[in-house]
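**Q** My questions all concern the structure below.
We did not get these values from a lab; they are worked out from the coordinates using the rules stated. Remember, predicted model here, so these are calculated numbers, not experimental data. Cβ coordinates were reconstructed from backbone atoms using ideal geometry, including for glycine residues, and neighbour counts include every protein chain displayed.
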Amino acid sequence: MKLSESVKPISYFKAHASEIVRQIADRQQPMVITQNGEAKAILQDIVQYEQTQESLAMLKMLAQSRNSLKNGDHKPVADVFSNLKKKIREDQSE
């Protein structure tokens with residue numbers, strides 16, 4: 001994906017909005033919108049946006065996990081499963 005191939009001025013976007021939205025959905029490539037020669041916005045297909053947000057959320061979870069490991073804030077897997085089984089048994093007996 002080369003953003004340099006998908007750069008349009010805002011005046012072009014205003015005149016061809018429905019066509020541009022259709023292109024973005026079909027190609028699933030974002031478009032850079034410029035104003036006064038400077039990049040000002042990115043127009044992106046909703047599916048791509050959602051995928052980007054999911055990827056960012058996953059990266060954030062990985063970073064948090066790494067920090068937890070560095071800080072010693074973790075439990076052995078065997079202990080976690082043992083505690084879960086105990087809780088399930090307690091909940092079933094109630």
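**Q** Given the DSSP H assignment, sum -39500 (n - 2.57) over each helix run of at least 4 residues in the chain and divide by its residue total; what's the result at 222 nm in deg cm²/dmol, nearest 500?
**A** For the chain, the value works out to -20500 deg cm²/dmol.
**Q** Oh, and also: Would you mind ranking Met58, Met31 by Cβ crowding within 10 Å, fewest neighbours first?
**A** Met58, Met31
**Q** Same structure, new question: Under 8 Å for C-alpha pairs, at least 6 residues apart: give me the relative contact order for the chain, rounded to a whole percent.
**A** In percent, rounded to a whole number, it is 19.
**Q** Once both labels are modelled 7 Å past Cα along the beta-carbon direction, what's the Phe81-Arg22 spacing in nm?
**A** If labels sit at Phe81 and Arg22, their model points lie 5.5 nm apart.
**Q** Go through [x] 55; [y] 61; [z] 44 and flag the label whose value is the computed percent of Cα pairs over 23 Å apart for this structure.
**A** Only one listed value fits the structure, namely [x].
**Q** Equivalent ellipsoid semi-axes for segment 45-94, as square roots of 5 times the alpha carbon gyration tensor eigenvalues: give them largest first, rounded to whole Å.
**A** So the three semi-axes of segment 45-94 are 33, 19, 6 Å.
**Q** For a footprinting-style exposure proxy, rank Val21, Val47 by other Cβ within 10 Å, fewest first. All intermediate terms of the calculation are to be shown ahead of the outcome.
**A** Values: Val21 14, Val47 10.
Neighbour counts put them in this order, fewest first: Val47, Val21.
**Q** So which helices of the chain fit the span-like rule, where a helix is a whole DSSP H run, its Cα atoms reach 20 Å or more along the axis, and its mean Kyte-Doolittle is at least -1.0?
**A** Helices meeting the criterion: 46-70, 77-93.
**Q** Given labels modelled 7 Å from the Cα in the Cβ direction, how far is it in nm from Ala15 to Lys40?
**A** 1.7
**Q** Further question: Please identify, among Ala57, Ala25, Ala15, the residue showing maximal mean-square fluctuation in a Gaussian network model of the chain using a 10 angstrom Cα cutoff.
**A** Looking only at Ala57, Ala25, Ala15, the largest GNM fluctuation is found for Ala15.
**Q** Ser93 versus Met58, label points 7 Å from Cα toward the beta carbon: distance in nm?
**A** 4.1
**Q** Here's another thing I want to ask about it. Which residue, Lys75, Lys60, Lys40, tops the fluctuation ranking in a GNM of the chain built on C-alpha contacts under 10 Å?
**A** Of the options given, Lys75 has the highest mean-square fluctuation.
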